[in-house]
Every structure is written in structure tokens, then in C-alpha cells.
Amino acid sequence: LMDNAKEALEKRLQSAHTNVNPQNGEGADEPRPAKIDPGRIMDEAFAGTAHCGSSTCCIGVVNGTRLDISNLGDSGFIAFEYKYDRGNYKVFLKEKSKPQQHSFNYPLQLVRLPGPEVHQSLISNGNESLSKELTRLVESD
């Protein structure tokens, strides 16, 4: 998922950018990317996975001076800001993700189940009950 997220971000950066800052004319040599939505990066990364399994995910993208985050499951994040004031650093909690779980130790997750083509090999390896459960899950979706 992480490699796919990197590839999705690189694709988005290549396809969506502006060349010049209209405010001051700077940036003609370095393209400035349009705002990147981390939720879309997560969607594209998950769509690009071929392996079966499940995962929580947290993706952050700095857009200018803003940190945009897309979080699913118990990956969680906290963001701090700090300031130096009269010889001491003061730390402030700026943002904290909300827990995303069905119940304790049962987080929301991205899931890719094996398709019917895998079921015969599961049965051959003594996993008939797993094959039946996967079939039930796919049919209920």
C-alpha cells in the first residue's frame, strides 16, 4: 500500500500543477503542484493493490503551509505546534485523529479478499471453512 501511495502521489504531481505563482511571478522554473487530496491518494493506492489482506492507513500531505491528512483505522496521528517564548519551548496540540474502530482492537481497515479462483486451492489445503466464509462475504457485499 505504501509503494502504491508513493506512485499515486507522483502521478498526481506530474499531472496537476501550475507553473507560475500569479501573486509574484515566482516559480517559473519549479512547477507548483495543485492541492493534493490525501484521501484520493489513499483510494488510488488501494485500487492499485493486487495482494489480499487488510491494512489501516494514514497519509499526510503538506499543501503549502497546511497539513492535510486522511486516516482510516487505528493508525492515528497527533500534530503539534511549538513556540519559543522567553527561554522556553511551549508545545500545543493542534490536531488529533479520532479513533476509528468497531470495538476494542477491531479497527476499520482497507480489505482485499481473494477471489473465487483461490477457493479451490484453499479447499485442497484443508481450508474449506475459510473458502465458504470468503464466498459468504463476497456474496453479501
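Descriptive notes on the structure:
- Each Cα pair under 8 Å and six or more residues apart adds its separation to the average, and for the chain the resulting relative contact order is 17 percent.
- With protein chains left intact and a 1.4 Å probe, residues in the chain average 77 Å² of accessible area per residue.
- 0 to 90° range, to nearest 10: angle between helix 128-140 axis and the chain longest Cα axis: 60 degrees
- Each of I123, T135, T49 was scored by the projection of its Cα onto the charge dipole of the chain, and the greatest displacement toward the positive side belongs to T49; charges sit on the C-beta of Lys, Arg, Asp and Glu.
- Residue of V61, V91, V118 that the Gaussian network model of the chain assigns the largest fluctuation, springs spanning Cα pairs under 10 Å: V91
- Cα gyration tensor, the chain - rounded (a/c under 1.5), prolate or oblate: oblate
- Estimated inter-spin distance, S97 and E133, nm [label 7 Å along Cα→Cβ]: 2.6 nm
- A Gaussian network model of the chain, with springs between Cα atoms under 10 Å, assigns the largest mean-square fluctuation among K11, K90, K98 to K90.
- Legend: residue pairs K11/K96; K11/K83; K35/K83, Cα-Cα distance threshold 31 Å; pairs beyond threshold, K11/K83.
- Of K94, K35, K83, the one that fluctuates the most in a GNM where the chain has Cα springs shorter than 10 Å: K83
- Value of relative contact order over the range 34-108, rounded to a whole percent, pairs C-alpha under 8 Å and six or more apart: 24 percent
- Helix-only mean residue ellipticity at 222 nm for the chain, each DSSP H run of n ≥ 4 adding -39500 (n - 2.57), per residue, nearest 500: -10000 deg cm²/dmol
- For chymotrypsin sites (Phe, Trp or Tyr not before Pro), the sites in the range 69-128 that DSSP calls loop and that have at most 14 other Cβ atoms within 10 Å are F77, F104.
- Our analysis of the range 34-108 gives Rg over Rh at 1.10, with the two radii drawn from alpha carbon positions and Rh computed by the Kirkwood formula.
- Electrostatic dipole magnitude of the range 29-97 [Cβ: Lys, Arg +1; Asp, Glu -1; Cα centre; debye, to 20]: 380 debye
The values are calculated or read from the model by the stated rules, or taken from the named source; none is laboratory data. Note that this is a predicted model, so its numbers are computed, not measured. Please note: Cβ atoms are built from the backbone with ideal geometry, for glycine as well, and neighbour counts cover all protein chains shown. Just so you know, the surface numbers come from the protein's heavy atoms only, side chains and all, with ligands and any DNA or RNA stripped out. Shrake-Rupley method; radii C 1.70, N 1.55, O 1.52, S 1.80 Å.
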